[in-house]
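Everything below concerns the one structure shown next.
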Amino acid sequence: MKTTSILALCCLLFTATLTVAAEQTRSTEFEISAINDKLSDQALENVQIYVESILPSSPKNLRAWQLELKKNAIKALQAIGYYQPTINISTSYDEKEYVATIKIDQGPATTITKLKITIVGMAETDPQFSDLIHSSALKLGDQFNHGNYQSFKNSFSDIAVTKGYFKARWQTSTVAINPKLNQAQVTLEFDSGDRFTFGELVFQQQSPAQELIMSMLPFSVADPYHSDLLAKYNTALSRSKYFSAIEVYPDLNKSVDSTVPIYVNLVEKPANSFEVGAGASSNTGPRGRLKWTKPWLNKYGHSVTSELKLATLEQSFSATYKVPIEDPNDNYATATLGWQNINKNDTQSTKYSIQVQRHQLLNSGWKRGTFIKFEREDATQGEQQFLTTNIIPGMSYSRTRKKGGFTPYWGDKQIMSLELGHQGWGSDANLIKFKLRSKWLRSYQTKHQFLAGVDLAAIVAKSIEDVPVSMRLFGGGDENLRAYKFDSISPSEQGELTGGLYQANLSLEYSYLIVDKWRLATFVDVGTTTNDFSEALKTDVGFGVRWITPVGPIKVDFAFGLTSDDVYSDYDKPFRLSFSIGPPL
């Protein structure tokens, strides 16, 4: 008897399992249409969102499914201001699918016939709140929309928190709907209370460089509170490279008389840190990097950084001592010892240098560098050997603006520099060197992206022989004429490159987003490096791919030269595979 009961129970469970499996294999289709063309696109979309998650449990429950669909369709239409809809729903099923046919006449729209928005408290005179009211989607005579209403309230609350109205609240927030008359009456009263001010900074751990930390503060005690200023301070502390962990926050529980103390919790970086990196590019081939940093030398924030770079064509070493003047991020001085060895094309050079530089961020957003450097260079260019000593003062200006982080969709970058050499102050060369680099990035509708770059440079000297080899101009490579070998474009003597006094390059690139994180690009480059502009312009065209990564796009280009050079005949134009990693600006 027991065996028979167990067998029956197993059969019942098996049958139920098959039934559930059969229900799960049936698909569900929703057919939503208008009655007499009275269904807006917005209403259709909202109804779809509300009903598509409502699925039938079994063919026996179609009536319950139908009622649930109607209830949700009504909610969807009321959410955007339709309170008198006509909704007809029929349901059916077969072995393959369930079908819900929903026909809707949305009815007349409910409009705002009374709108009263009142602000009391200190925010009454705050222009940001009045601007929000004027730009709001809540307007007298407009169709009422619950989403717009809630969004408006959320925006008010967000501004209040951002600007320090920490006791703000809605005294009144009501919507009275008259469905028969299709009218909505909105009454809002916002009490902001007082706006809080910044209090004293409270350090969780005492730091010997507290004065330096305070120098980065973008606000003063008793200034009106704004969360953007806290975020700016947080960013400044992070950019300083002194700390491994940063926490800056207001403690509202300890506020007194609408003044909120700001707590600062900092963890200093280790006394010594090391970085090791490796990579490759079509310009320099494989490369490696070793960097050592000592971020804190004393309470004044002095630091030391040394870096060794090794690549097939170039090796360098530098050691930099940094001294904050007013701000360790935007106003500081550096002293750098450097060594560089270059062996590429017809150039062999070993250079030792000492440079002192002042770095400043100006109110205009431009970064200015003022420097003087001593350079001792032993070089061979072609068949000529040079041993030069130069003292070069100079100045540079740079600015980068971008939106989109490491993969920007908008931006521009400008770099200008001027260097001078004169025998009167101990240089072997009398010269003036000017360089300008400009890049512009613009996007259209996300998929289309345009990148333009211009490089201009000029050296004023008696002849190219008077210019140190490391200051001469060469073209070609990933950054300008991509079809031509890196630094292979310049005037030549007896088949040996000499470098040039003038340079002009233009690059235009268009890329299209084919799938997520992948772009297909096409480009044209034109330019020259010359002493007298007697040479023909070099031109190349090509195509490539861009893989968008967190560290910037990985770029692979296939570049085809349209003009020959000394290496290629008229019937054998240059071709080059260009590979690089990094942001476009």
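The values are calculated or read from the model by the stated rules, or taken from the named source; none is laboratory data. What you see is a predicted model, and the numbers here were worked out from it, not measured in a lab. All Cβ positions, glycine included, derive from the backbone under ideal geometry; neighbour counts span all protein chains shown.
Things to note:
- Restricting attention to region 235-245 and to residues that are crowded, with 16+ Cβ neighbours inside 10 Å and at pLDDT 90 or above, the residue that is nearest to D126 (Cα to Cα) turns out to be A236.
- Note on region 4-56: residues that are at pLDDT below 90, part of a helix (DSSP H, G or I), under 22 Å from V99 (Cα atoms) and hydroxyl-bearing (S, T, Y) amount to 2.
- Any chance V541 is touching a Phe, Trp or Tyr at 6+ places or on another chain (Cβ under 9 Å), over 30 Å from V467 (Cβ atoms) and among the aliphatic types (A, V, I, L, M): yes
- Residue list for region 217-267, filter: touching a Ser or Thr at 6+ places or on another chain (Cβ under 7 Å) and under 19 Å from P328 (Cα atoms): I246, L266, V267
Yes/no per residue for (1) within 18 Å of T370 (Cβ to Cβ); (2) touching a helix residue (DSSP H, G or I) at 6+ places or on another chain (Cβ under 8 Å); (3) loosely packed, with under 14 Cβ neighbours inside 10 Å; (4) at pLDDT 95 or above:
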site	(1), (2), (3), (4)
L266	no, yes, no, no
T336	yes, no, no, yes
K351	no, yes, no, yes
H359	yes, no, no, yes
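- Matching entry among E275, E307, E314 (being surrounded by fewer than 15 Cβ atoms within 10 Å (Cβ to Cβ), of a type outside the set (F, W, Y), farther than 30 Å from Y165 by Cβ and modelled with pLDDT of 90 or more): E275
- Set A176, A184, A231, A222: member being in a strand (DSSP E or B), surrounded by fewer than 18 Cβ atoms within 10 Å (Cβ to Cβ) and of a type outside the set (V, I, T): A176
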